[in-house]
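Everything on this sheet refers to the single structure shown next.
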Number of protein chains: 2
Amino acid sequence: MTVSPPFTNSPAPLPLTIRDIEAAANRITPFLQPTPLFTSRTFDQIVHNQCFFKGEHYQRGGSFKVRGAMNRILQLGTGERERGVVAFSSGNHSQGVAIAAKTLGIPATIVMPNDAPQAKRQATLGYGAEIVDYDRQQQDREAIAQELARERGLTLIPPYDDWQIIAGQGTVALELFQQVADLDVLMVPLGGGGLLSGCSMVARTVNPTITIYGVEPETGDDFYQSLQKGERVRIPVPDTIADGIRTTYPGVCTFAVIRQMVDGVLLVSDAEILQAMRFLLYRMKMVVEPTGAVAVAALLSHKLAIQGKRVGLVLSGGNVDAEILAQAL
Amino acid sequence: MTVSPPFTNSPAPLPLTIRDIEAAANRITPFLQPTPLFTSRTFDQIVHNQCFFKGEHYQRGGSFKVRGAMNRILQLGTGERERGVVAFSSGNHSQGVAIAAKTLGIPATIVMPNDAPQAKRQATLGYGAEIVDYDRQQQDREAIAQELARERGLTLIPPYDDWQIIAGQGTVALELFQQVADLDVLMVPLGGGGLLSGCSMVARTVNPTITIYGVEPETGDDFYQSLQKGERVRIPVPDTIADGIRTTYPGVCTFAVIRQMVDGVLLVSDAEILQAMRFLLYRMKMVVEPTGAVAVAALLSHKLAIQGKRVGLVLSGGNVDAEILAQAL
């Protein structure tokens, strides 16, 4: 079974509305360009639906992450801006923070494992950020980042469990709904849940009857399990090719939004993700990272029994290592 | 030396103006979507110019070719439409003809070598075309196509040396100039010259002082030689990775336009093309075929001593075989 059973809707009012996401869009629009929307008749014929692909791999830094980071940083006070920001991750969130900070002339420190790929280190340095190394086996990156924040007076920019981060990521869906109307279904990659939270808030408000799915890797089914249980479940660090969504438990904010707004969670295997990446490469001429391809994987491997629907899919990013790309070929 | 020396401008009036290209745009717009424009700060920093990439690999069929084919086919009479069209090529032009014909409900026959890749055959059949095989060693594909045209009353759709094909391809530049203003330089892949002819006619009319370059593979320098000599020069079938522009001599129409409109021809090696494809894959997240990457290759390998200019580059297509893509990785 791939769709989680219906879960109890929590009636608790959320401290986030589409107005916050519209405000985020107004804030970040001067610094970012809208990403293009793609269609593929071949894909539509294969999956028997009419699909619209939102190309966040063409966002600055190669993923949607700069949206949330920029929305958060733009709301810092003058003193906070002068002291700078810190983030921990070797992935897309740190790139997003580094780019947002550089764009706004704010110092950024990124806590990164000392065995991170050279390409990622170079890219981060290229965006003007300072890198602080840690030992993945011995040290806790979050503790290091918090220590840095305290010592140097830096503001920690969290990857997803923050209302302003969520509002920034939601601008993906605002743009999508400006580009295409009347979607029946929306499918979004699901890791920490920032992207899905923001997008589902927009989608549900614009179209109350839309069906919204998050897509997780089979081995990283923390949201799937949590929605079934009705509470946040922690899982071991998942072993999946989708390195952008190797989260081990839902965020507090993101779980609150997703349990109210989302209709279900679909699970895909690494093989299905690679098949989706291959289709995107050869037929749609685009490089999408494993995490970015999970929604495409879910449709291509028929996780949903839908036909003739208008389906929006978010391609969340394109930052992929050579070995994974070679595997997809 | 990579830029051809100045050549004598022919004063002969051309039977093609920007009005024909605007008419082509009006004709084909209902059937095709505009392709997106991309930028890359990283690329701009490397080449010290501000660059705008026109993404024709996102055109229907994966290249610009459907534009010219559709413009040509839309001007056929009722009887011609009923009998159908024929094209010879195992490449993008045939895909373009097949897609245009299918879209307009017209039968298409494609003359294709019997050793053409299975993927291309399947794609062509998928667009509803009939395939007529020929033996690459023994038979002349053009003669076969002309024979079919005579026998069955089909209209032969030529790949580039035709004013209506050229007008259709020129719509790429019309779109480009709607998306970005004030280009100083335009760089376009150059094979038979249909794309460059149409684009240079638009660019020169919109901005008389723009500098326009065609880009050819080093081994396929038929236009380069022809412009130097002032007449169409025939070369042996070039050995280059850029399979879309393995032409052996300029067309009559395309040579007439290009000698009047274009400032020079740049030459790039296969290694430079592969380097450009790699950059496009990893940094810009897009799959561009060798032919489509030649303009990027020319800038990346510093064939032009320009700085601080606004440069438009046409990425002409994205249909690439697995082996070549693996080579680029």
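Here are the numbers for this structure:
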read-out: Candidates A:A100, A:A119 - the one that is part of a helix (DSSP H, G or I), more than 27 Å from A:I21 (Cα to Cα) and small (G, A, S); value: A:A119
read-out: Cβ-Cβ under 8 Å pairs, at least 6 apart or on other chains, segment A:26-38 side in contact (Cβ under 8 Å) with a residue 40 or more places away in the chain, far side surrounded by fewer than 21 Cβ atoms within 10 Å (Cβ to Cβ) and in a loop (DSSP other than H, G, I, E, B); value: A:R27/A:L74; A:R27/A:Q75; A:I28/A:L74; A:L37/A:V180
read-out: Residue within segment B:169-182 that is among the β-branched types (V, I, T) and surrounded by 24 or more Cβ atoms within 10 Å (Cβ to Cβ) present; value: yes
read-out: Evaluation of B:D140 against (1) within 14 Å of another protein chain (Cβ to nearest Cβ); (2) loosely packed, with under 15 Cβ neighbours inside 10 Å; (3) free of Cβ contacts under 8 Å to residues at least 60 places away in the same chain; (4) not small (G, A, S) (one fails), failing number; value: (1)
read-out: Number of the condition not met by A:G105 [criteria: (1) on the phi > 0 side of the Ramachandran plot; (2) out of contact with any strand residue (DSSP E or B) (no Cβ under 6 Å at 6 or more places or on another chain); (3) in contact (Cβ under 8 Å) with a residue 40 or more places away in the chain]; value: (3)
read-out: Filter result (aliphatic (A, V, I, L, M) and surrounded by fewer than 23 Cβ atoms within 10 Å (Cβ to Cβ)) within segment B:33-80; value: B:L37, B:I46, B:V47, B:L74, B:L76
read-out: Among the candidates A:T240, A:T247, residue that is in a loop (DSSP other than H, G, I, E, B) and closer than 30 Å to A:I46 by Cα; value: A:T240
read-out: Answer residue from segment A:289-321, given it is assigned to a loop (DSSP other than H, G, I, E, B) and among the basic types (K, R) and is modelled with the lowest pLDDT among those; value: A:K303
read-out: Extreme residue, nearest to the other protein chains (Cβ to nearest Cβ), among residues of segment B:312-327 that are surrounded by fewer than 24 Cβ atoms within 10 Å (Cβ to Cβ) and in contact (Cβ under 8 Å) with a residue 24 or more places away in the chain; value: B:L325
read-out: Test: residue in segment B:81-92 that is surrounded by 15 or more Cβ atoms within 10 Å (Cβ to Cβ), part of a helix (DSSP H, G or I) and at pLDDT 95 or above; value: yes
read-out: Among residues of segment B:210-237, those that are in contact (Cβ under 8 Å) with a residue 24 or more places away in the chain, part of a loop (DSSP other than H, G, I, E, B) and surrounded by fewer than 19 Cβ atoms within 10 Å (Cβ to Cβ), counted; value: 1
read-out: Flag if A:L190 is aliphatic (A, V, I, L, M), at pLDDT 95 or above and touching an Asp or Glu at 6+ places or on another chain (Cβ under 7 Å); value: yes
read-out: Any hit, segment B:29-41, residues being touching a helix residue (DSSP H, G or I) at 6+ places or on another chain (Cβ under 8 Å), away from every other protein chain (no Cβ under 14 Å) and closer than 30 Å to B:L300 by Cα; value: no
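The values are calculated or read from the model by the stated rules, or taken from the named source; none is laboratory data. Everything numeric in this text was worked out from a predicted model, so none of it was measured. Every residue, glycine among them, receives a Cβ derived from its backbone with ideal geometry; neighbour counts consider all protein chains shown.
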